[in-house]
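Comments concern the structure below.
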Amino acid sequence: MKISKLLTGLMICALPLAAVAQTPIVIKFSHVVATDTPKGKAAEFFAKRANELTKGKVKVEVYANSQLYKDKEEMEALQLGAVQMLAPSLAKFGPIGVKEFELFDLPYIFDNYEELHKVTYGPVGQQLFSKLEPKGIKGLAFWDNGFKSFSANTPIKTPADLRGKKMRIQSSKVLEEQMRALGALPQVMAFSEVYQALQTGVVDGTENPISNLYTQKMHEVQKHLTLTEHGYLGYAVIVNKKFWDGLPADVRGQLETAMKESTQYANKIAKEENDQALEGVKKSGKTQVYVPTKAERDAFKKALTPVHHKMEGRIGKDVIEAVYKETGFTAN
C-alpha cells in the first residue's frame, strides 16, 4: 500500500515536469497581407512544416492581415522580441538604416524571375542579409510576391498619364524618386489603409502585384490597371537574431529545412497566384486591364531607369553594379 502511494505521488510530481518538457517553442509570425496571398499561404506552409519536422517541438502562430502590428510597427516589435518572425517587404529595411535593400525598389532592375533569383538565391542576397545582423535581425530567405503594376481611376498608357496623380507607395526613398520621375505625387501609407484611401479619393492610385490588388479588393475602387510590371515586390523572412541563436541546434536545423521548403513553395506559387488574381480582376468587370505595347513599356523604362543613378549615393553604387553583373542589366 505504501509503495503504491509512493508511486502515485512520484507520478503526480512528475506530471508538471513532463508538461514543461513537452511545452513547444512558440514562434509568433506576423505579417500584413491576407492569408490567401502568396506570402500568407507560404507562412501557413512554414507553420505546418515546422511542426512536422520538429515533431511538435515548435509551434508557429501566424498572425495575418496586420492582426498584431501594422507596417511601421512590426520591425520594432521584432527587434524588441515581441514577435519572433516577420516577412516584411524589402522596402522596410531602408528606414532601419539598411539602405542597400532598397535596390529591390529600383524600377526595371529585374526583367523577369530568372534575373531576380540570380540575386536572391546568390551571393548578393547573402551579403544583404549579413547587413541585418548588427540590427539584431537574422535573414532566412527571400520570398517572391511578384512584379508591380500601376492602377488609377484614369487610363495609364504613357508616363505622362501619372503626372499630378497622388500615388500610394511604401515608405521608400527610391519609390518616392520613382513617382517623382513620373511627375506623380508619392503618398506614403500603411498597406492596411490603402483600400479606404482609394475609395475616398485620398489617393488616386497605387502600385501592386496583382495578387495584393485583388485580395485587398483594391480593384473594386480602381477603374484602370496597366500591366507595366515596372518594379518588384518581394519579402525577406527574418527572425529575432537572439531568439534564433538561442534555439537548440537540432531545432534550428529543422526550421532551416522547413524554411527552404517554404521558400520553394512560396516562389512557385507567386506567379501562379498573380496570374489567377489577374483573371479575377478581369472577370470582376470593375477594372479595365491594359497591356502596354513594347514601345509603351520602353517609354516607362526610359522615364524610370535614371532613378538608378540618382539612388547610387543612397543604396551604394557597388551594390547596384553587383546586381547589374548578375542580371546583365542594360538601360534603354
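The values are calculated or read from the model by the stated rules, or taken from the named source; none is laboratory data. Source: prediction; values computed, not measured. Ideal geometry is used to build each Cβ from the backbone, glycine not excepted, and the neighbour counts take in all protein chains shown.
Overview of results
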quantity: Criterion violated by Leu198 - all others in (1) buried (at least 24 other Cβ atoms within 10 Å of the Cβ); (2) touching a Gly at 6+ places or on another chain (Cβ under 8 Å); (3) closer than 19 Å to Phe93 by Cα satisfied; calculated: (3)
quantity: Residues that are in contact (Cβ under 8 Å) with a residue 40 or more places away in the chain, within 19 Å of Lys118 (Cβ to Cβ) and not small (Gly, Ala, Ser), drawn from the range 306-323; calculated: His308, Ile315, Val319, Ile320, Val323
quantity: Subset of the range 148-168 (residues that are surrounded by fewer than 21 Cβ atoms within 10 Å (Cβ to Cβ) and either on the phi > 0 side of the Ramachandran plot or under 15 Å from the mean Cα position of the chain (by Cα) (or both)); calculated: Gly164
quantity: Condition met for Lys28 (basic (Lys, Arg), within 22 Å of Gly253 (Cα to Cα) and either assigned to a strand (DSSP E or B) or at pLDDT below 95 (or both)); calculated: yes
quantity: Qualifying residues in the range 122-147 (those that are in contact (Cβ under 8 Å) with a residue 40 or more places away in the chain and part of a loop (DSSP other than H, G, I, E, B)) - the one nearest to Ile96 (Cα to Cα); calculated: Leu132
quantity: Residues within the range 171-188 that are aliphatic (A, V, I, L, M) and surrounded by 21 or more Cβ atoms within 10 Å (Cβ to Cβ), tallied; calculated: 5
quantity: Verdict on Gln222 being out of contact with any strand residue (DSSP E or B) (no Cβ under 8 Å at 6 or more places or on another chain), over 21 Å from Ser30 (Cα atoms) and not hydroxyl-bearing (Ser, Thr, Tyr); calculated: no
quantity: Index of the failed condition, Leu182 passing every other in (1) at pLDDT 95 or above; (2) touching a Phe, Trp or Tyr at 6+ places or on another chain (Cβ under 7 Å); calculated: (2)
quantity: Residue match in the range 128-147 (condition: within 17 Å of Leu304 (Cα to Cα) and buried (at least 23 other Cβ atoms within 10 Å of the Cβ)); calculated: yes
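For (1) within 19 Å of Lys271 (Cβ to Cβ); (2) among the small types (Gly, Ala, Ser); (3) in contact with a helix residue (DSSP H, G or I) (Cβ under 8 Å, 6 or more places away or on another chain), each residue gets a yes or a no:
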| residue | (1), (2), (3) |
| --- | --- |
| Phe129 | no, no, no |
| Gly136 | no, yes, yes |
| Gly146 | yes, yes, yes |
| Lys157 | no, no, yes |
| Leu162 | no, no, yes |
| Arg180 | no, no, no |
